[in-house]
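Chemist: Okay, handing you the structure first.
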Amino acid sequence: MNTDIHNMHHFRPAPPYFAGDCMPFYHDGVYHLYYLLDENHHQGLGGLGGHQWAHASTTDLIHWQHHPLALAIEADWEASICTGSTFWHAGRYYAFYATRKPDWTQHLCMAVSADGIHFVKSAGNPFLSAPPGYSPFDLRDPFVFADGAGGFGMLVTSRLDPYPLDGRGGCLLLLRSADLQTWTVEGPLLIPGGGPSYLSVPECPDTFAWNGWHYLIFSLGLQTHYCMARSPFGPWEKPAVDLLDSPLAAVMKTAPFHGSRRIGAAFVGTRQGDRDAAPVQWAGNIIFRELVQRADGTLGTRFVPEMTSSLLPGGLTALTLDRLTDGVSGDGRQIRLFAPESLAAAALDGLPRDFYLKCRVAPRAGRARFGLGLRGSGRFGGSHYELAFEPALRRASLADQVIFEVTPLAAPFDLEVICRGDILEACIAGERCIVNRLPEQQGERLFLFCECGEVEYEILRAMGIPAS
């Protein structure tokens, strides 16, 4: 066991490995992060994956212990140890997972541990293959939970085959058990009916109860969605914004933490060839989010305070203001942009390439479009990554990533930004996050801009952070 106190936010295993699906689990004061150890972006063992479960744990979200592999490939028929979940019952930890065989079929397996670190696989593996009417190539991601009636439930990624609508039969299959050993198939709990092919298959489910609400989280095409209900098995209500976090926060799953909190973990894939406009690859770095529950039960996400604080070395950075246009006033801490019919822009100098920023953003009356230019150089132009806010459209964007129904934008709000390595992310009003992977721009200017309106920025905290 190796104790490593470096911050796990943006964590990537040592090359040539990457982090894939995250499987957080909490028990007895310890937050465990199991994740898929990936080599070459899902191309291990001829594209079958070749994944294994890696493991780190923490009691405070700052100091982490890195453990040996929790589940490793040990037999010829194990072409990949796929995503699953951990469950504690009667003094033992149960790891439920899928195994992909060399013929590409997927099967459910189980392992048991006394300490959550060293697992022994069941001699009866695999304990379940695809039942009749379901695809043998989609049976994975088992998530086990107490069913509230003295037994246990399991949600499994599956696909009805045949299905009346071509390519729309992806479902979350519900299984029941009285002893965690023998499982009975009950049928689909949810059939999202999303886009064709793999976009209709809901992956990596996660369900939990929180303050009178029940939530069901799943991913479609790696993007994490959720629905909500007043009872554990539905009927499920789709909120107006059902995307948890932002599109590149892939396959987020959550676990409780001290004080009725919930901490989510996801991965941000790398860009092919380290180019901004290139496709995002499977697996990359891990990011963490704290879930926010609003009064109506809907969910948001924010940066995890402990992890943000532990990134920072302390001490504020002195910033200098460069007024690039008319309509700019203030200093390095208080900046006003006024451009009722045009564009006002300024630059702040003094921040390094990797930095943390917290500011108060106060838009005034009008239909302004405003924001920040990150990693900038020169005198504005296109030499930056635009973090833009459009209150009239309730939309925020970070380069090519967009989130919708962002409601706090017309009133003053706090904004946090982290630029570290090629991962850029922002937290808006403590309840909406957006992240992007942008490798190319390397500038050290922070631009501020406002189009057709007025906005004031108050810099609350700005400092360089260590590279990831």
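The values are calculated or read from the model by the stated rules, or taken from the named source; none is laboratory data. Small disclaimer: the values here were computed from a predicted structure and weren't measured. A quick note on method: Cβ atoms are made from the backbone with ideal geometry, for glycine too, and the neighbour counts reach across all protein chains shown. These accessible areas exclude ligands, DNA and RNA; they are computed on the full protein's heavy atoms, side chains included. Shrake-Rupley method; radii C 1.70, N 1.55, O 1.52, S 1.80 Å.
Chemist: Would you check which residues across the stretch 357-406 are on the phi > 0 side of the Ramachandran plot and among the basic types (Lys, Arg) and list them?
Modeler: Within the stretch 357-406, Arg375, Arg394 meet the criteria.
Chemist: Would you point out which residue out of Ala149, Ala178 is free of Cβ contacts under 8 Å to residues at least 24 places away in the same chain and either over 24 Å from Phe257 (Cβ atoms) or surrounded by fewer than 22 Cβ atoms within 10 Å (Cβ to Cβ) (or both)?
Modeler: From the options Ala149, Ala178, the qualifying one is Ala149.
Chemist: Still on this structure, please answer the following. Kindly evaluate Ala79 against the criterion of being more than 24 Å from Phe152 (Cβ to Cβ), in contact (Cβ under 8 Å) with a residue 12 or more places away in the chain and open to solvent by less than 10 Å² (accessible area, probe 1.4 Å).
Modeler: Here the answer is yes, as Ala79 does meet what is asked.
Chemist: A follow-up question, please. Out of all the residues in the stretch 301-313, which are surrounded by fewer than 21 Cβ atoms within 10 Å (Cβ to Cβ) and within 22 Å of Met228 (Cα to Cα)?
Modeler: If the condition is that a residue be surrounded by fewer than 21 Cβ atoms within 10 Å (Cβ to Cβ) and within 22 Å of Met228 (Cα to Cα), then Arg302 is the only one that fits.
Residues checked against (1) within 22 Å of Val406 (Cα to Cα); (2) free of Cβ contacts under 8 Å to residues at least 60 places away in the same chain; (3) in contact with an Asp or Glu (Cβ under 8 Å, 6 or more places away or on another chain); (4) of a type in the set (Phe, Trp, Tyr):
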| residue | (1), (2), (3), (4) |
| --- | --- |
| Gly221 | no, yes, no, no |
| His225 | yes, yes, yes, no |
| Glu237 | yes, yes, no, no |
| Asp242 | yes, yes, no, no |
| Thr254 | no, no, yes, no |
| Gln281 | no, no, no, no |
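Chemist: Same structure, new question: Restricting to the stretch 82-112, what's the tally of residues that are surrounded by fewer than 17 Cβ atoms within 10 Å (Cβ to Cβ) and either under 23 Å from Ala255 (Cβ atoms) or at pLDDT below 95 (or both)?
Modeler: Looking only at that region, the number is 6.
Chemist: Can I ask one more? Hey, can you tell me all the residues within the stretch 428-468 that are at pLDDT 95 or above and β-branched (Val, Ile, Thr)?
Modeler: Passing the criteria: Ile428, Ile434, Val435, Val455, Ile459.
Chemist: For the stretch 345-361, which positions are open to solvent by less than 20 Å² (accessible area, probe 1.4 Å) and within 16 Å of Tyr457 (Cβ to Cβ)?
Modeler: Answer for the stretch 345-361, where residues must be open to solvent by less than 20 Å² (accessible area, probe 1.4 Å) and within 16 Å of Tyr457 (Cβ to Cβ): Ala345, Ala346, Ala347, Leu348, Leu351, Phe355, Tyr356, Leu357, Cys359, Val361.
Chemist: Let me ask something else about it. Working carefully through the options Phe380, Phe413, Phe404, Phe389, find the one that is at pLDDT below 95 and aromatic (Phe, Trp, Tyr).
Modeler: Phe380
Chemist: Scan the stretch 351-381 residue by residue and report those that are in contact (Cβ under 8 Å) with a residue 60 or more places away in the chain, small (Gly, Ala, Ser) and out of contact with any Phe, Trp or Tyr (no Cβ under 9 Å at 6 or more places or on another chain).
Modeler: Ala365, Gly366, Ser377, Gly378
Chemist: Anything in the stretch 362-393 that is in a strand (DSSP E or B), open to solvent by 10 Å² or more (accessible area, probe 1.4 Å) and closer than 19 Å to Asn436 by Cβ? List them, or say none.
Modeler: Matches in the stretch 362-393: Arg369, Tyr385, Glu386, Glu390.
Chemist: For residues that are modelled with pLDDT of 95 or more and in a loop (DSSP other than H, G, I, E, B), scanning just the stretch 211-230, find the one that is surrounded by the most Cβ atoms within 10 Å (Cβ to Cβ).
Modeler: Arg230
Chemist: Here is a follow-up. Inspect all residues belonging to the stretch 316-335 and state whether any of them is open to solvent by 40 Å² or more (accessible area, probe 1.4 Å), touching a residue at least 40 places away in the same chain (Cβ under 8 Å) and over 23 Å from Gly464 (Cβ atoms).
Modeler: Checked against the condition, which is being open to solvent by 40 Å² or more (accessible area, probe 1.4 Å), touching a residue at least 40 places away in the same chain (Cβ under 8 Å) and over 23 Å from Gly464 (Cβ atoms), the stretch 316-335 yields no hits at all.
Chemist: Does at least one position in the stretch 263-278 carry a residue that is in a loop (DSSP other than H, G, I, E, B), open to solvent by 40 Å² or more (accessible area, probe 1.4 Å) and within 22 Å of Phe18 (Cα to Cα)?
Modeler: Yes, there is a match, as at least one residue in the stretch 263-278 is in a loop (DSSP other than H, G, I, E, B), open to solvent by 40 Å² or more (accessible area, probe 1.4 Å) and within 22 Å of Phe18 (Cα to Cα).
Chemist: Which one is nearest to the chain's Cα centre (by Cα) among residues in the stretch 311-346 that are closer than 17 Å to Cys359 by Cα and of a type in the set (S, T, N, Q)?
Modeler: Thr317
Chemist: Just give me the residues in the stretch 11-36 being open to solvent by 20 Å² or more (accessible area, probe 1.4 Å) and touching a Pro at 6+ places or on another chain (Cβ under 6 Å), in sequence order.
Modeler: Tyr26
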